[in-house]
Amino acid sequence: MNEKPVVFTDKEGQHLVGIVHEPEATPRDELVIFAFGGVMGRVAQLRQYVNLARLLAREGFITLRFDSHHMGDSEGELPRCNTKTYYGTIQTGRYVPDVSRAIDFMHARYGRRPIVLIALCGGAITVFLTASQDPRVKRAVMLSVPVALDDSSVDYTSRRGVADYWQTLRPYMFKLTKREYWKRLLSGKSEYDRIYHTFKGLAASGLAQLQRRYERDAKSEEAQETKETIGGATLNSRFFSAFETCALTKRDMLFVFGGNDFFYREFKEAFEEDFLPKHPEYRDAFTLHVLPQASHMFSFPLWQSQLQDIVRNWLVKETTSTGGS
Amino acid sequence: MKQTPKTIVSARGDREEFLFFQNGEHRLFGAHFEPRGTATGLGVVLCAPFAEEKIYTHRLFTNFARQLAAQGHSVLRFDFMGQGDSSGQFEEATVETRIADTMCAADWLKGRPGVNRLLLVGLRMGAVWAGLVAAQRDDVAHLVLWDPVVNVERQLKEELRLALAIQTVLFRKIVMNRNQIIDSLLTNGKAEYDGVTLNHLQGWVISKPFYEQAIQIDLRKGMSGFTGNCLLLPIVKKEKKPSKPVVELRNVLKEQGATAELDLAIEEITFWTINPNIFTNHPAMLFDKTFAWLREVEK
């Protein structure tokens, strides 16, 4: 495998920096591009893009990881901002032009070949939006993709479920029967901030859930047909229109989620249980994998290797079955 | 394999090159920022923090490097083996490899035309590697330790404790506590339960050699020999007294003949984690105090 730094420009002429991974053997036909995921750049949390790109290069794929403008080593400036507002701009397509430029770059370097896009979280919605707009994209792999929009008013406390907070609290509850725990609690060595915020979150998410149930009951059936929010956040209409476009144009779509990710609960509620029943013709248009216990970022060595296997197997199988080398 | 670096020339004419350089059997990724205008002769090596903190602070280092280059310094930001774009896996890296990587990066920069002395800058665990390497070289004129981890064992134990919560997701209880994980790591080379690796820090697997070497480190004892200029800048959210270990480190450095200045950088967020409300890679006070100090010691 050969790894090389590369540079290309965005639509404003700013330099974007990336790494290409080239396989030793004759490469497969498809080119893989990892889309920028937000704050974590071309490496991604737990270095997942690096590990996956190397794995795919060993399987014969030429891959590119790159930093979008104003991130990592690339040019451009991002002034101080609200994190959730920034996420919202990503979810509405902030980095789509950069991915299109990355496709231009890969085509110029390796020839016009089908494109596979892969990304995590904010990068995943970028992948989805790009795939729906750019006919050069053949497959899209979306890991922990958000179906809702972030903005500064969004409260993650109400979007996280009671189960999330219970997960954090459970070890403390287990310790309540132990004398050492009480000694530590009274000695001033405990993490009072963490305990306080967990209890506060549990109470807030419980109230939010009750409120959602009350609102659901209060709404007419007609109103329920036009679902626009989830957990207090606005659903991203671009997600659903991107899905329809990709389905109609026969792009291959792979979604992977961690079962403990509140993004999965939102996907399930808004997409699987609300959108799909109204559009049964799309039921076979995508592949979905859920790693039951995994978190949003698959932040455990076991989940990372399971995730890698899922992506590799799907790409290799799809490539083989559609005539790739 | 030797490769030609990829170079950016910005609209202002600033040159940055991206390349891999060899350290033994591993290839390390580097971003070299060439000095703007008349070069000062100072080469600056930036040492990133550890594990996930490195990813969140990448852009901060890029911004700092560009500002340093604009003042005429030659700057190298690099990735340790097993991190960023460098070769290898995180769990293969030890204290020895990180020190060797920092030495290699310093040698690479020192080999650039016109560079005649070095400044090492490290953040958190990166400050540990910078401090240890500065004590081993006679060409390091200046050293900047941003929020240094003075007692590494204590830091690792704290991070191992934070990683325990994830066990409850998999097993519905804590199956191995921190001390059991450490014992198992030191005895068996790993800590596993039901085939699942537990010797990790929020997903980053640490090895027995790394842990054994790391717990021996205490910067108050590990920097003997350094007699250059040192700035210690703990990063805090509000004005408060510096911690006792940092004060002790400053005192030790002074006693051994170094010029050691201890100050505080008051910043609204800690840049090595995600803040859900504020996003910025421009820590104004951290950069300003570092540049002000550098101007003084470079006079």
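The values are calculated or read from the model by the stated rules, or taken from the named source; none is laboratory data. Please read all numbers here as calculations on a predicted model, not as lab measurements. All Cβ positions, even for glycine, are placed from backbone atoms using ideal geometry, and neighbour counts span all protein chains on display.
Residues in the stretch A:278-296 that are within 12 Å of chain B (Cβ to nearest Cβ) and out of contact with any strand residue (DSSP E or B) (no Cβ under 7 Å at 6 or more places or on another chain): A:PRO292, A:GLN293.
For the stretch A:245-272, the tally of residues that are surrounded by fewer than 16 Cβ atoms within 10 Å (Cβ to Cβ) and modelled with pLDDT of 95 or more stands at 5. Close contacts from the stretch A:67-79, counting a first residue that is within 9 Å of another protein chain (Cβ to nearest Cβ) and within 10 Å of A:THR9 (Cα to Cα) and a second that is of a type outside the set (Val, Ile, Thr) and assigned to a loop (DSSP other than H, G, I, E, B), with Cβ to Cβ under 6 Å and a gap of 6+ residues or different chains, come to A:SER74/A:ASP67; A:GLU75/A:GLN14.
Annotation for the stretch B:239-251: at least one member residue is hydrophobic (A, V, I, L, M, F, W, C), at pLDDT 95 or above and either in contact with a Lys or Arg (Cβ under 9 Å, 6 or more places away or on another chain) or closer than 23 Å to B:ARG66 by Cα (or both). Where strands (runs of 3 or more DSSP E) fall wholly inside the stretch A:1-73, the ranges with 1 or more residues that are of a type outside the set (S, T, N, Q), assigned by TED's automatic domain parsing to the domain that holds A:ILE115 and over 23 Å from the mean Cα position of the chain (by Cα) are A:2-9, A:15-22.
Apart from one condition, B:GLY114 fits all of (1) closer than 21 Å to B:THR273 by Cβ; (2) assigned to a loop (DSSP other than H, G, I, E, B); (3) in contact with a Ser or Thr (Cβ under 9 Å, 6 or more places away or on another chain); (4) not aliphatic (A, V, I, L, M); the exception is (1). Out of all the residues in the stretch B:1-12, which are within 10 Å of chain A (Cβ to nearest Cβ) and over 18 Å from A:ASP73 (Cα atoms)? Result: B:MET1, B:GLN3.
Of the residues B:PHE226, B:PHE271, B:PHE279, which single one is in contact (Cβ under 8 Å) with a residue 12 or more places away in the chain and within 14 Å of chain A (Cβ to nearest Cβ)? Going through B:PHE226, B:PHE271, B:PHE279 in turn, just one is in contact (Cβ under 8 Å) with a residue 12 or more places away in the chain and within 14 Å of chain A (Cβ to nearest Cβ): B:PHE271. Scanning the stretch B:31-48 for residues that are closer than 15 Å to B:ARG98 by Cβ and either within 13 Å of another protein chain (Cβ to nearest Cβ) or in contact with a Phe, Trp or Tyr (Cβ under 7 Å, 6 or more places away or on another chain) (or both) yields B:LEU46, B:CYS47, B:ALA48.
What number of residues within the stretch B:62-72 are among the polar types (S, T, N, Q) and away from chain A (no Cβ under 11 Å)? Here the count works out to 2. For the stretch B:247-257, the count of residues that are closer than 30 Å to A:GLN48 by Cα, touching a Cys at 6+ places or on another chain (Cβ under 9 Å) and either of a type in the set (Lys, Arg) or buried (at least 17 other Cβ atoms within 10 Å of the Cβ) (or both) is zero. Checking each residue in the stretch A:87-96 for being surrounded by fewer than 18 Cβ atoms within 10 Å (Cβ to Cβ) and in contact (Cβ under 8 Å) with a residue 40 or more places away in the chain picks out A:THR92, A:GLY93.
Of all residues in the stretch A:283-316, exactly one satisfies the criterion of being small (Gly, Ala, Ser) and in a helix (DSSP H, G or I), namely A:SER305. When the stretch A:1-22 is filtered for residues that are of a type outside the set (A, V, I, L, M) and under 17 Å from B:ARG27 (Cβ atoms), the ones remaining, listed by number, are A:ASN2, A:GLU3, A:LYS4, A:PRO5, A:GLY18, A:HIS21, A:GLU22. Within the stretch A:1-35, the set of residues being buried (at least 22 other Cβ atoms within 10 Å of the Cβ), at the interface with chain B (Cβ under 8 Å from one of its Cβ atoms) and of a type in the set (A, V, I, L, M, F, W, C) comprises A:VAL17, A:ILE19.
Taken together, B:ARG59, B:ARG15, B:ARG27 contain a single residue that is within 14 Å of chain A (Cβ to nearest Cβ) and surrounded by fewer than 17 Cβ atoms within 10 Å (Cβ to Cβ), which is B:ARG15.
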